[in-house]
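Below: one structure, written as structure tokens.
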Amino acid sequence: MKIEKNLLALIVLLVASALPGLARQESGDRVGYHDTIVVAAGEVRDNVVTFGGDIIVEGKVRKNVLAVGGTITVSGDVGDSVVGIGAKITLKSTAAIHGDLIGLGGILEKESGYRVDGDTVYFKGTEISDKVFKEGLKGLLSFSFWPVLIILKMVNVFIWFLLAFLAVLLFPKQTMFASNEVRKHFWPVFGTGLLAQIIFTFLIIFAAVLCLLLIGIPILFALAIVGFIIKVFGRVVMLVFFGESLARAFHWNRVSTLGAAMLGLILVSMIGFIPVFGFLFTLVLSLVGWGVVIRTKFGTTENWFRRTPSPSPPTAV
């Protein structure tokens, strides 16, 4: 679908341009944080993205306009899509959008005379709850979840971008070491992860049962924290693994650990959008991530389970 393709392109732009120096930002792109981006009359940009800021398009944007929070005001020309997540979108009478107009939450204001060549998808914050709770099952089935799911996936990708950035920044050697262990011992790592997930699931169920006696609440809370830490570190290791593999495939000799993580994030995010296969791929990713974290003790040792042989006693002369 055209909407999905445009949103996927925005994901790549979001991840690739959010960190200066990771991938060279093209001169035609503008990415802002809590500031105002103005594409003046006669000015041409490729993509414009803001987080909590304002976008004013009086000239031309060749590709996409995206605002997470903030506002978008269009009186000029946009080549592809205008996407607002919790943003106020205003289309002036002279606005021309040759792709799709997508708004999730926020406000949409349109003056007569505007032009949108693609689809218009707009959900108010209250519209979702009205369809589900007032119209019941009929309203739920009539609701198009594709744009919502894709936008939620975009938010999920951005969250993983922040987590990966922090993890690699704090533990670059550990993530790279663990990534290499995946390449060397994939099946043992996968088996360890599968076993660990089974045991962890039983522990969660056991703690949930103990919650009836109150003693299980702190245990469940502790398990949740441990599981979250393992999941985050394991996923970041897998992002580095896939990013490094992609760099090797294209013969890119110099890729930093952070660069590999971001390349892996783009690749894994794209695969995650594939129905059914994306779910299975993410499941395997999680199992391998858990396995490598446990076997390497968060990237600090080659194999936690391998016994170090005792030194031989000195031979008598």
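The values are calculated or read from the model by the stated rules, or taken from the named source; none is laboratory data. Everything quoted here is computed from the prediction, not taken from an experiment. Counting neighbours? That spans all protein chains shown, and the Cβs are built from the backbone with ideal geometry, glycine included.
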Residue count, the stretch 275-289, condition under 17 Å from the mean Cα position of the chain (by Cα), closer than 12 Å to residue 238 by Cβ and crowded, with 16+ Cβ neighbours inside 10 Å, comes to 3
Identify the single condition in (1) at pLDDT 90 or above; (2) hydroxyl-bearing (Ser, Thr, Tyr); (3) outside any helix (DSSP H, G or I) that residue 144 does not satisfy, given that it satisfies every other one.
(1)
For the stretch 106-124, how many residues meet the condition of being assigned to a strand (DSSP E or B) and out of contact with any Pro (no Cβ under 7 Å at 6 or more places or on another chain)?
9
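Residues are listed down the side, and each one gets a yes or a no for (1) closer than 21 Å to residue 186 by Cα; (2) touching a residue at least 60 places away in the same chain (Cβ under 8 Å); (3) touching a Gly at 6+ places or on another chain (Cβ under 6 Å):
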residue	(1), (2), (3)
216	no, no, no
219	no, no, no
226	no, no, no
230	yes, yes, no
235	yes, yes, yes
250	no, no, no
257	yes, yes, no
Looking only at the stretch 54-105, how many residues end up being over 15 Å from residue 32 (Cα atoms) and outside any strand (DSSP E or B)?
18
In the stretch 97-109, anything out of contact with any helix residue (DSSP H, G or I) (no Cβ under 7 Å at 6 or more places or on another chain), closer than 25 Å to residue 42 by Cβ and crowded, with 17+ Cβ neighbours inside 10 Å is listed as 97, 101
I'd like to check something: does the stretch 27-36 contain any residue that is small (Gly, Ala, Ser) and over 20 Å from residue 158 (Cβ atoms)?
yes
